[in-house]
Structure formats: structure tokens, C-alpha cells
Amino acid sequence: MAVIKTNANDRKLLARLIRAEAEGEGELGMLLVANVCVNRVRVGCLDFVDVNSIERMVWQSPGGFEAVHFPYFYQRAREKEIRLAERVINGERHRPAEFALWFFRPDGPCPEQWWGQWNSGRYKEHCFYIPIESDCPDVYGVY
């Protein structure tokens with residue numbers, strides 16, 4: 001059962017984003033990025049109070065994604081990434097991103113905190129960050 005409302009265009013948009021952000025990190029890397037994306041739509045806290053759809057999440061500015069500024073993002077969605085996006089839309093979660101709202105790719109080790117948020121782990125090149133539960137209980141509400 002879907003944890004957020006989407007349509008076919010939303011699923012394709014999310015598929016394009018996860019490929020552009022994490023294709024080099026394989027299927028799990030793209031699933032982790034999708035977890036962050038879906039979490040941002042699910043919650044109503046912090047930087048994501050008005051981010052209530054895939055489209056708003058993808059185009060959020062400031063605070064959005066670098067990939068939307070590069071041509072690779074604008075290629076057609078592929079079935080593989082659409083299926084990955086659908087898995088996360090349907091509630092699949094993966095550590096360390098199951099409660100994450102942010103990720104980034106540092107040049108070195110993951111900082112313990114990033115913009116005041118705590119590191120929940122690393123997968124290949126990306127570090128993932130979670131909010132304090134009292135700041136954003138919504139992200140911890142569905143599992």
C-alpha cells in the first residue's frame with residue numbers, strides 16, 4: 001500500500017531523480033535516495049512543511065537536489081528505476097535512510113552532524129542524515 005499519493009508521472013519523475021542522484025551506487029543506492037525523497041513528501045516538518053507531492057519535493061528550492069541542474073536528469077525514465085521508485089512509494093525502507101530526510105556526498109568521511117542533523121550511516125559515497133524525533137516525529141510514525 002502506498003505511503004504517499006502518486007500518479008504515473010510522479011513515479012517517472014522520482015525514477016529520473018534517483019537515477020541521476022545515485023545510479024553509480026547501484027540498486028540499493030537508488031533505493032536509499034528514494035527513501036529520503038518519499039520521507040520528505042510524507043512529513044510536515046522542518047524544511048518540508050509544504051513539500052506534499054513528488055513534484056514539489058523534486059523542484060524544492062532552496063534545499064532541493066543538484067541533479068535537476070544537469071542534463072542527465074532530463075532523460076526519459078527507465079522501467080528499472082520506475083520499479084525501484086514504486087517499491088519505496090509502497091513503503092519499502094532501507095538502512096541507513098529509512099528515517100533520513102537528507103543525504104550528501106562528502107569528499108571524505110561523513111560528518112557526525114550536517115546542518116544540525118545526525119548521521120545515520122553511509123552507503124558507498126552518500127552519507128544520510130536524520131532529524132531529532134522531537135523535531136520531526138512524522139518521519140518515525142510509519143514503518
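A few points about this structure:
- Kirkwood-type hydrodynamic radius, the chain: 14.9 Å, calculated from all non-identical alpha-carbon pairs.
- Length-normalised contact order for the chain - Cα pairs under 8 Å, 6+ apart - percent: 29
- Span from the region 33-58 Cα centroid across to the region 85-143 one, whole angstrom: 12
- Globularity index of region 64-143 is 1.23 (Cα radius of gyration / 2.2 N^0.38 Å, N = number of residues).
- Sulfur and carbon atoms: percent of accessible area, region 8-139 [1.4 Å]: 48
- 3J(HN,Hα) along region 115-126: 6, x, 10, 8, 5, 9, x, 10, 10, 6, 8, 9 Hz, from the Karplus curve 6.51 cos²θ - 1.76 cosθ + 1.60 with θ = phi - 60°, whole Hz, x for Gly and Pro.
- Fully extending the segment from residue 27 to residue 55 would add 7.9 nm, taking 0.36 nm per residue of separation and subtracting the current Cα-Cα distance.
- Compactness relative to 2.2 N^0.38 Å, alpha carbon Rg of region 1-50: 1.18
- Charged-residue dipole, Cβ positions (Lys, Arg, Asp, Glu), region 1-125 about Cα centre, Debye nearest 20: 400
- Enclosing the Cα atoms of region 100-140 in their convex hull gives a volume equal to 60 cubic angstrom per residue.
- Backbone geometry of region 134-141 corresponds, through the Karplus equation with coefficients 6.51, -1.76 and 1.60 at θ = phi - 60°, to 3J(HN,Hα) couplings of 5, 7, 7, x, 4, 5, 9, x Hz, x marking Gly and Pro.
- Database remark: amide H of residue 120 closer than 5 angstrom to the amide H of 128, 129, 130 (H placed geometrically; neighbours at sequence offset of 5 or more, or on other chains; Pro and chain starts carry no H).
- Between residue 90 and residue 45, full extension at 0.36 nm per residue minus the direct alpha carbon distance yields a gain of 14.1 nm.
- Normalised per residue, the accessible area of region 66-129 is 61 Å², obtained with a 1.4 Å probe and no contribution from ligands, DNA or RNA.
- Pairs of alpha carbons in region 10-85 whose separation is greater than 19 Å (percent): 28
- Applied to region 26-32, the Karplus parametrisation 6.51 cos²θ - 1.76 cosθ + 1.60 on θ = phi - 60° returns per-residue 3J(HN,Hα) values of x, 4, 5, x, 5, 5, 5 Hz, with x for Gly and Pro.
The values are calculated or read from the model by the stated rules, or taken from the named source; none is laboratory data. Given the structure is predicted, the values throughout are model-derived calculations rather than measurements. For neighbour counting, all protein chains shown are included, and Cβ atoms are generated from backbone atoms with ideal geometry for every residue, glycine included. Protein only, heavy atoms only, side chains kept; ligands, DNA and RNA dropped before computing areas. Shrake-Rupley method; radii C 1.70, N 1.55, O 1.52, S 1.80 Å.
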